[in-house]
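The values are calculated or read from the model by the stated rules, or taken from the named source; none is laboratory data. Just so it is clear, the structure is predicted and the values come from calculations on it, not from any experiment. Note that each Cβ is placed from the backbone with ideal geometry, even for glycine, and that neighbours are counted across all protein chains shown.
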Amino acid sequence: MEQLPLLLTVEEAAGMLRIGRTLAYELARRYEASGGTDGLPVMRLGGCMRVPTWALAELVSTGRVVCLTPELAEG
């Protein structure tokens, strides 16, 4: 994992999870809609969604979805 970039595109994360692009974007939207409690952890940079490598590693290793911004959880 240390050889990966800090941020992945949703498509790159989908490849690592061995899921399709459409499902990955659905999970990313679910993450945003749930306030960071469910789905694929993403952050927005302008109009782009990016997946932090460490948050993806946490999801894969523990099944825990990390809330990246407290503002999401507050609603």
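Assorted remarks:
- Checking each residue in the stretch 1-53 for being farther than 13 Å from Leu68 by Cα, at pLDDT below 95 and in contact with a helix residue (DSSP H, G or I) (Cβ under 6 Å, 6 or more places away or on another chain) picks out Met1, Leu4.
- Considering the stretch 1-61, the qualifying strands (runs of 3 or more DSSP E), each wholly inside and each with 2 or more residues that are surrounded by 12 or more Cβ atoms within 10 Å (Cβ to Cβ) and over 8 Å from the mean Cα position of the chain (by Cα), run over 7-9.
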